[in-house]
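The values are calculated or read from the model by the stated rules, or taken from the named source; none is laboratory data. Remember, it's a predicted structure, so these values are computed and weren't measured experimentally. Note that we place each Cβ from the backbone using ideal geometry, even for glycine, and neighbour counts take in every protein chain shown.
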Amino acid sequence: MKNSNSTFLVFGATGRTGQHFVSIALKEGHKVKALVRNPEKIKIQNINLELIKGSITNYENIDELLDGVDFVICMLGNAQEQNKAPINTIFIKKLIPAMRRQGVKRFLYQAGGLTRRYKERLPFVTWILRNTVARYNGLLGQHKDNETVIEYLVEEAQDVDWIVHRAGIISDGPSKGILKRDRTKFSLATHVDIANYNFQVINDDSAIHTCDLSYYKK
Ligand SMILES: NC(=O)c1ccc[n+]([C@@H]2O[C@H](COP(=O)([O-])OP(=O)(O)OC[C@H]3O[C@@H](n4cnc5c(N)ncnc54)[C@H](OP(=O)(O)O)[C@@H]3O)[C@@H](O)[C@H]2O)c1
């Protein structure tokens, strides 16, 4: 495997997907560095885990964070803040130039199944869900922020090996199976399956520059 003994820089490591991702990467023998606002949320103690306290909204030393890193993975979300400002986009626009400076190429960004691909419309049923469920739950700002991240990656970061995962998530329950990448179909998956998928897809060259969904194939 290309990423054996690799170092992952994780954003969103204290989140529902991020915590599973950190466990998986450590279990597979990799190193994990994570920028976290609340380190006490992470109960894992592991010599290969380095927690750096900070927020993406004001962190200055991104170049330093990237030292020795092979893969950058972003499972960030703060729906309330994203309704006020595109905090992820602002951060990614600082992160990508820092990745260039530090020679780090591979980047995975987790968006949502109700997030649009750049310059594409959502299928009708998904559009309805976005304008009912997502709107009612105050998630429109999060999807719009994800969309401006995608626009930036498509328009201004073709030199970086980015992958966007438009995840569909229903709960933090046990695994329901193995997710596969799909252009049109998505499943409502559990966080652990989404994290496992992220761990696999970040190493998949055929996923570079895609904004695909994930789906439990029978
Ligand atoms: N949850 C869903 O149902 C769902 C469905 C589809 C797609 N998605 C997409 O996947 C992303 C991640 O989902 P999730 O459910 O795993 O998220 P989550 O549980 O809400 O976790 C979000 C993570 O982002 C971190 N974060 C937020 N603001 C930050 C800041 N300013 N600086 C540093 N870290 C910050 C949080 O840190 P704290 O612990 O400090 O708050 C947490 O670790 C979402 O944003 C969304 O785009 C989610």
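Remarks
- Whichever residue in the stretch 67-93 is in contact with a helix residue (DSSP H, G or I) (Cβ under 8 Å, 6 or more places away or on another chain) and more than 16 Å from the ligand (Cβ to nearest atom) and, among such residues, is farthest from Y197 (Cα to Cα): D67
- Looking across the stretch 160-218, the residues that are touching a Gly at 6+ places or on another chain (Cβ under 9 Å) and in a loop (DSSP other than H, G, I, E, B) come down to G168, F186, S187, L188, K217, K218.
- The C-beta contact set for the stretch 103-119 (first residue over 25 Å from L65 (Cβ atoms) and charged (D, E, K, R), second residue more than 9 Å from the ligand (Cβ to nearest atom) and assigned to a strand (DSSP E or B), distance under 8 angstrom, 6+ apart or interchain) comprises R117/C211.
- Scan of the stretch 117-127 for residues that are under 15 Å from G168 (Cβ atoms) and either under 21 Å from the mean Cα position of the chain (by Cα) or assigned to a helix (DSSP H, G or I) (or both), ordered by number: R117, L122, V125, T126, W127
- Counted residues, the stretch 173-212 - those being among the acidic types (D, E), within 23 Å of T126 (Cβ to Cβ) and surrounded by fewer than 16 Cβ atoms within 10 Å (Cβ to Cβ): 1
- Annotation: G112 fulfils all but one of (1) modelled with pLDDT of 95 or more; (2) within 12 Å of the ligand (Cβ to nearest atom); (3) more than 30 Å from D63 (Cβ to Cβ); the unmet one is (3).
- Every listed requirement among (1) assigned to a helix (DSSP H, G or I); (2) without any contact (Cβ under 8 Å) to a residue 40 or more places away in the chain; (3) within 23 Å of Q19 (Cβ to Cβ) is met by Q142 save one, (2).
- Answer from N48, N61, N5 - the residue that is on the phi > 0 side of the Ramachandran plot and over 19 Å from the mean Cα position of the chain (by Cα): N5
- In the set (1) buried (at least 17 other Cβ atoms within 10 Å of the Cβ); (2) within 8 Å of the ligand (Cβ to nearest atom), the condition left unmet by K41 is number (1).
- Only a single criterion out of (1) part of a strand (DSSP E or B); (2) crowded, with 20+ Cβ neighbours inside 10 Å is not satisfied by A25, namely (1).
- Failed item in (1) surrounded by fewer than 19 Cβ atoms within 10 Å (Cβ to Cβ); (2) at pLDDT 95 or above; (3) within 13 Å of the ligand (Cβ to nearest atom), with G15 passing the rest: (1)
- All positions within the stretch 122-148 that are more than 25 Å from S206 (Cβ to Cβ), away from the ligand (no atom under 12 Å from the Cβ) and exposed (fewer than 15 other Cβ atoms within 10 Å of the Cβ): F124, V125, W127, I128, N131, T132, R135, Y136, G138
- The numbered conditions (1) under 16 Å from F186 (Cβ atoms); (2) touching a helix residue (DSSP H, G or I) at 6+ places or on another chain (Cβ under 8 Å) are all true for I96 except (1).
- Hits in the stretch 51-69 (condition: out of contact with any Leu (no Cβ under 8 Å at 6 or more places or on another chain) and either of a type in the set (V, I, T) or crowded, with 18+ Cβ neighbours inside 10 Å (or both)): L51, T57
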